[in-house]
Amino acid sequence: MPAIKIAPSLLAADFSRIKDEIQKVEAGGADMLHLDVMDGHFVPNLTIGPVVVEWVRKVTKLPLDCHLMIMEPEKYVGAFADAGADGVTFHAEAVAMDYARKWKALSGSGVAAAGGYAMTLVCKQLYDLKRVDAAVGKLRSKGKRVGVAVNPDTDAESVLELLPKVDMILAMTVWPGFGGQKFIESVVPKVRRLREKSASVDIEVDGGLDPTTVKAAAAAGANVIVAGTATFRSDDIPGVIRSLRENAEKARSS
Ligand code: DX5
Ligand code: ZN
C-alpha cells in the first residue's frame, strides 16, 4: 500500500502571513501542501486561483496538491499545472453530464452558517468521458499527477472505471466548500471499497481529519491525509503532524 502522506490544507492558514505559515508546516514534517480552489459555482465559496499557486510555489519545496472545486475543470487544469502544481485533482461531479447532476443544499451538513449548495450526482451514467480525458490529457502532457475527487454521496462504483486513468482518488469526508466541518463517518466504507479495488492508487481523505478521525480513514485504506484546522490552527504543528502519521500507520497495521 502507498505510504502515509500528511497534507496540511492551506485554507486554515493565516493568509496575511502565508509564507511563514507554509514554512511552519514544512518544518513540522508535512509531506505535501493541499491547496483548495473554489469557484463559487461548484461550491458556495471562493478561494484562490493559479496566481496564488505560482507565488506559493516560490516559497516551499513541498509538492503542491491542488484540489479544484470548480466547474469546467478541463478549462483550468493547465493553468494550475503551469503555476507549479505537482498534482491536480478535479471533481467527478464537475465533469458529469448535466442531466446527471443537480445542486444539493448544504444546510444541515455541519456548516450551519454557510448554507448554499454543492454539485451532486443524481444518476450513475455520469461522465462525459471526453471531458475527463481532456482534463487528464492536459495534466499528463505537462507531467503532472492526476486525481479525481468524489463528494460524500457519490459512490465508489461510479468512479471505478476511472481508476486506471488516475494516480489518486479523493474521497471527500465533508461536503466541499468550507474548512472546519465534522468528519462524515459514513464515507469510510467507500474508502474501503476503493482500496479493495486498487492496492496502488493513492486514496486521499479530506475534511474533518484529526488524530482521532484519521484512524478509521487509514484503517479503511486511505493514505493521503488532508488536515487544515487540525494542523494550521494548532499550537504544536509538528506534534499534530506526528500524531496524524503515527495514528494512521498504527490503524492500517492493526
Ligand atoms: C473543504 C476543503 C478541505 C478543507 C479541510 O472543501 O476541501 O481541504 O480545507 O479542512 P479541515 O481539515 O478543517 O476539515
Ligand atoms: Zn481540499
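Values in this text are rule-based calculations from the coordinates and carry no lab data. As the structure is a prediction and not an experimental result, all values here were calculated from the model. Methodologically, a virtual Cβ is constructed for each residue, glycine included, from the backbone with ideal geometry; neighbour enumeration extends over all protein chains shown.
Okay, here's what the table says:
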read-out	value
All positions within the stretch 197-254 that are charged (D, E, K, R), out of contact with any Gly (no Cβ under 8 Å at 6 or more places or on another chain) and within 10 Å of ligand 1 (Cβ to nearest atom)	206, 210, 233
Subset of the stretch 12-30 (residues that are closer than 20 Å to residue 180 by Cβ and in a loop (DSSP other than H, G, I, E, B))	13, 14, 28, 30
Residue, nearest to residue 181 (Cα to Cα), within the stretch 213-244, restricted to residues that are basic (Lys, Arg) and either in contact with a Lys or Arg (Cβ under 9 Å, 6 or more places away or on another chain) or part of a loop (DSSP other than H, G, I, E, B) (or both)	233
Test: residue in the stretch 165-178 that is touching a Ser or Thr at 6+ places or on another chain (Cβ under 8 Å) and of a type outside the set (A, V, I, L, M)	yes
Subset of the stretch 8-47 that is of a type in the set (Gly, Ala, Ser) and more than 9 Å from ligand 1 (Cβ to nearest atom) - its residue that is farthest from residue 245 (Cα to Cα)	40
Qualifying residue in the stretch 205-216 (condition: at positive phi and buried (at least 23 other Cβ atoms within 10 Å of the Cβ))	yes
Given (1) within 15 Å of ligand 1 (Cβ to nearest atom); (2) among the small types (Gly, Ala, Ser); (3) within 19 Å of residue 32 (Cβ to Cβ), index of the condition residue 177 fails	(3)
Hits in the stretch 159-183 - residues which are surrounded by fewer than 20 Cβ atoms within 10 Å (Cβ to Cβ), more than 16 Å from ligand 2 (Cβ to nearest atom) and within 18 Å of residue 220 (Cβ to Cβ)	160, 163
Enumerated strands (runs of 3 or more DSSP E) restricted to the stretch 49-166, each holding at least 3 residues that are within 22 Å of residue 225 (Cα to Cα)	64-69, 87-91, 145-150
Meets criteria (of a type in the set (Val, Ile, Thr), out of contact with any Lys or Arg (no Cβ under 7 Å at 6 or more places or on another chain) and more than 21 Å from residue 223 (Cβ to Cβ)) for residue 37	yes
Check on residue 194, away from ligand 2 (no atom under 16 Å from the Cβ) and closer than 23 Å to residue 78 by Cβ	no
Selection count where residues are outside any loop (DSSP other than H, G, I, E, B) and polar (S, T, N, Q), scope the stretch 167-202	1
Residues satisfying the stated conditions in the stretch 1-12, i.e. surrounded by 21 or more Cβ atoms within 10 Å (Cβ to Cβ) and either over 15 Å from the mean Cα position of the chain (by Cα) or not small (Gly, Ala, Ser) (or both)	6, 8, 10, 11
